[in-house]
Amino acid sequence: MASTHNELASILRRIDHRGYKAYQDIRGQYRFPGFDLYVDHVQADPFAPPSRFRVRIPQSVAGFPAWSLATPTRRVALSDFLTRRFSALAAALSRGRGQGQGQGQGQGQGRDRAQGWEQGRGQAAAAGTGKSGRISMARPGQEILARNSVLVDANGVEARFTVGLPAAGRTILGGVAEDLICGAVPKLVREALVFASLSATEAASLERHIRAAEDADALRAALPGLGIVAFVANGAILPRRSGVDERPLDRGNVVPFVSPPSLEVEVTLPNRGAVRGMGIPRGVTLIVGGGYHGKSTLLRAIERGVYNHIPGDGRELVVTSPFAVKIRAEDGRAVTEDDISFFITNLPFGADTRRFSTENASGSTSQAANIVEAIEAGAKVLLVDEDTSATNFMIRDRRMQALVAKDREPITPFIDRVRSLADDGISTVLVLGGSGDYLDVADTVIMMDEYRPVDVTARAREVAARFPTGRRFEGGNERLRVARRVPVSLGFARVGDRRSTKTKARGTDAIVLGHEEIDLRNVEQVADPGQTRFIADALRYLEARLLDGKATIPELIERLEREVEAHGMDVVAPYVHGDYCLARPIEIAAALNRLRTIEVRAAR
Ligand code: ADP
Ligand code: MG
C-alpha cells in the first residue's frame, strides 16, 4: 500500500545525518496531492548513477486536452514537449534559480519547502557531494522522437527522472532532501506536467509542436503517392551550426531552400495546408555541383528527414521515406556471412563472397556489406555521398577497364548496379562532384549552385550524349541477392559471467554488450543517445527472448518491433527508467550486423 508524502518526509527526517545507505529506506510509492511518486531505485552512494524516480498524474489533474492525446503522433509530440519542459525546468532548478514561478502553485507545506529549496538549502545541496540535489530527465535534440521519459495517454501522465540524493560526503542531508523531494519535486511536477500551468504562449508552442509533428508524418505518408522518396520544402533551412551542433545555422548568409520549378510538388497538410517544395523522384538521382555549394548539406538533411523536427529547426518539412538509409564505406568493420556477390566476386585466394565474413572489411567490401544489409533490413532508398564512399566501389572508368581486365577486378562498381537496384524498387540519391560517368545512369540530376538547386537533367543528357565515356557496362543482368541468415547466437552473453549481459551506450557512438563493443559512429542516422540505449537493450532482449535458431535477422527484428508496438519500449528494459528513444528497425539491424560475436547459419 502506498504511504503518504508526510510519511516520506518523516523517513527523511529520521535518516538525517545518517550514513548514505539509510537512503534505501525511501524506496517505495507515496501519495502526494495530485500525483503518486515512485522511488524505484536508490543510488548506493553519492557518486553512483542518481536515484530513479517516477510520478504518475491522472488526467483529471494533468488536464491535457483530448485533441492532444487523440493519435499516436500527437502523443509522441506531447511526450517530447513535456520532456523538454521538464528537463529545462529541472536544469534551471538545479542551477539554484528556481524559475517558472507563478501559475499552478500548490499550497501549504509543499510550497514552503519548495521555497526553502530555492532560497538556500537547495544551493547547499547542489554544492554537496556528487550529483547532490540534481533532478534530471532525458534532453531531446532537434528531433521529435518517441521516448519513455514521459508516457501520456487518456488516463494520465507518467514522468521518469533521476534525483541525486543530497549528501555531504557520505552523510545524508535529510532536511535538504525533504525540501527537494517534498517541495521542489511537487512544484516541478505541477509546473512541467500540468496543462493549466502553461501560459498562453507556452500552450501555443505545445500546439505548434504537435501540429509540426503531425504535418511531417502526413507529408511522409504522402511521399509514395507522389512517386517521390523525399520532400524538401521551399523556405527550409538546411545548414547546421557545425559538425557537432545540429541547431540551424544562424550566422552569415543562410540561403533558404527553393525548389527548381520542374521538380516542385505541392502537398496539402492537415495543419499547414498547401506546401510546396522539391520532390526527389524514385529512381536514380544525382546531386552534383561544385565543391562547397551545399551538396552534402542537402543529403544530410534528407538523411535526417526520416525523423520529425521541432518547430524552428528549419527542417520541419524536410521529410524522407522511413526506408531511406545512409550508405558509406566503413573499413575496419566486421562482416558475418553476407552475400556481397552482387558487388564483389573472385577475391584473391577464392574467398566465397556469397558467404563473406571478415574481421576487418576494406572500404569497398564494407560499402557492399552496408548496402546488402540495409536492403535485408527493408531499405528502399540508398543515400550515398562521394565524400564517404570508396572510389573503387563507386566507379571503374574506361581507362581502368582497359588496364585491369574485368576478370582481374573483383568489384562490379555501383555504377553498373544502380539501375538493376532501381528496377527492383531500390532508389538511390547520390552526391557526386567528381565523376560524370554517372550521368549515363541517372533519372534526375540536381545541381547545387551556391546552395540553390537547379534541375539539370536535360543538360546532363546532352552532355552524356556529346561526351560518351566509352566505358563498358560490366553488370550483366544479375539481380541483387540477399543472404537469408539465421542468428544462432549473438555470442556476447557468457554462462556464469553476469557482466557479460550488462549493456551500456556511449552517446551515439557505440553500444557495449558485456565485453563486446559495437561501433556505431558510421551508422549516421542514429540521432539520439536514447536510441543507442534502446538498441543495446533490444539486442540483449532479442538474444534472451526472441532468438530461436530458426528466424532470420529481419524476422527477428520484426518480432521485436511487434513486441515494442504492443508493450512499449519498456519491454526490453531490465529496470524502469526514462532513457530510451525509439530507433528504426534499420538501425537495430545495423547494430546487430556489426556485432563481432554473432554466429549465423544459412536459412533453409
Ligand atoms: P559540398 O558538399 O557541396 O562540398 P557542403 O554541403 O559541405 O558542400 O556545404 C559547404 C558549406 O556551406 C558548409 O559549411 C555548409 O554549412 C554551408 N552551407 C550549406 N548550405 C547552405 C545554405 N543553404 N546557406 C548557407 N550556407 C550553407
Ligand atoms: Mg560534400
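No value in this document is a laboratory result; all are computed from the given coordinates. Small disclaimer: the values here were computed from a predicted structure and weren't measured. Don't worry about glycine lacking a Cβ; one is built from the backbone with ideal geometry, like all the others, and counts go over all protein chains shown.
The amide H of Ala236, built 1.01 Å from its N in the peptide plane, has Phe257 as neighbours under 5 Å, considering only residues 5 or more places off or on other chains.
Where the only charges are on Cβ atoms (+1 Lys, Arg; -1 Asp, Glu), what is the dipole of segment 485-602 about its Cα centre, to the nearest 20 debye? Provide the component values of the computation, followed by the final result.
Working: 18 positive and 19 negative charges, 87 e Å.
Taking the Cα centre of segment 485-602 as origin, the dipole is about 420 debye.
Working from label points 7 Å from Cα in the Cα-to-Cβ sense, the Arg461 to Asp112 distance is 8.3 nm. Taking every C-alpha pair closer than 8 Å and separated by at least 6 residues, the mean separation divided by the residue count of the chain gives a relative contact order of 13 percent. For segment 299-433, the relative contact order comes to 25 percent (Cα pairs under 8 Å, sequence separation of at least 6). Under 5 Å from the amide H of His309 lie the amide H atoms of Ile144, each residue being 5 or more positions distant or on a separate chain, with H modelled from the backbone and absent for Pro and chain starts. Per-residue 3J(HN,Hα) values for segment 171-182, derived from phi via the Karplus relation 6.51 cos²θ - 1.76 cosθ + 1.60 with θ = phi - 60°, read 9, 5, 9, x, x, 5, 4, 5, 4, 5, 7, 9 Hz in sequence order (x marks Gly and Pro). Using helices alone, I'd like the mean residue ellipticity at 222 nm for the chain: each DSSP H run of four-plus residues gives -39500 (n - 2.57), total over residue count, nearest 500. Dividing the helical sum by the residues of the chain leaves -9000 deg cm²/dmol.
Using the crude model of +1 on Lys and Arg Cβ and -1 on Asp and Glu Cβ, and no other charge, please compute the dipole size for the chain relative to its Cα centre, in debye to 20. Can you show the working numbers first?
Values: 81 positive and 74 negative charges, 249 e Å.
Using Cβ point charges on Lys, Arg, Asp and Glu, the chain gives about 1200 debye.
Computed from the Kirkwood radius of its Cα pairs, the Stokes-Einstein diffusion coefficient for segment 472-604 at 37 °C and 0.692 mPa s stands at 211 µm²/s.
Using Stokes-Einstein with the Kirkwood hydrodynamic radius over Cα pairs, what translational diffusion coefficient do you get for the chain at 4 °C and a viscosity of 1.567 mPa s, in µm²/s rounded to a whole number?
Working: Rh = 26.4 Å.
The Stokes-Einstein estimate is 49 µm²/s.
Peptides 373-379, 345-351, ordered by how many other C-beta atoms sit within 10 Å of their residues on average, highest first, read 373-379, 345-351. With θ taken as phi - 60° and the Karplus curve 6.51 cos²θ - 1.76 cosθ + 1.60 applied, the whole-hertz 3J(HN,Hα) list for segment 261-267 is x, 5, 9, 6, 10, 10, 10 Hz, x standing for glycine and proline. Between the amide H of Ser389 and those of Ala329, distances stay under 5 Å, these residues lying 5 or more places away or on another chain, with hydrogens modeled in the peptide plane. For the pair Arg484 and Thr4, a Förster radius of 56 Å applied to the C-beta separation gives a FRET efficiency near 0.45, rounded to the nearest 0.05. Seen against the Cα atoms of the chain and their longest principal axis, helix 5-14 is set at about 80 degrees. Once you order the gyration tensor axes a ≥ b ≥ c over the Cα atoms, which shape class does segment 223-345 get: rounded for a/c under 1.5, otherwise prolate or oblate by comparing a/b with b/c? Prolate is the answer for segment 223-345, as a/c is 1.5 or above and a/b outweighs b/c. Annotation: lysines with alpha-carbon distance below 25 angstrom to Lys131 (same-chain offsets under eight excluded): Lys21, Lys187, Lys502, Lys504.
Couplings 3J(HN,Hα) of segment 412-420, computed from phi: 8, x, 3, 4, 8, 10, 5, 6, 4 Hz, in residue order, whole Hz [Karplus 6.51 cos²θ - 1.76 cosθ + 1.60, θ = phi - 60°; x for Gly and Pro]. Taking the Cα of Asp397, stepping 7 Å toward and past its beta carbon, and measuring to each backbone N in segment 431-468: which are under 12 Å? Flagged as within label range: 434-438. Ranked by the mean number of other Cβ atoms within 10 Å per residue, highest first, peptides 42-52, 148-158 order as 148-158, 42-52.
Here segment 183-205 is scanned for amide nitrogen atoms under 16 Å from the site 7 Å beyond the Cα of Asn271 along Cα-to-Cβ, giving 201-205. Ordering of 129-141, 497-509, 353-365 by packing is 129-141, 353-365, 497-509, highest average first (other Cβ atoms within 10 Å, averaged per residue).
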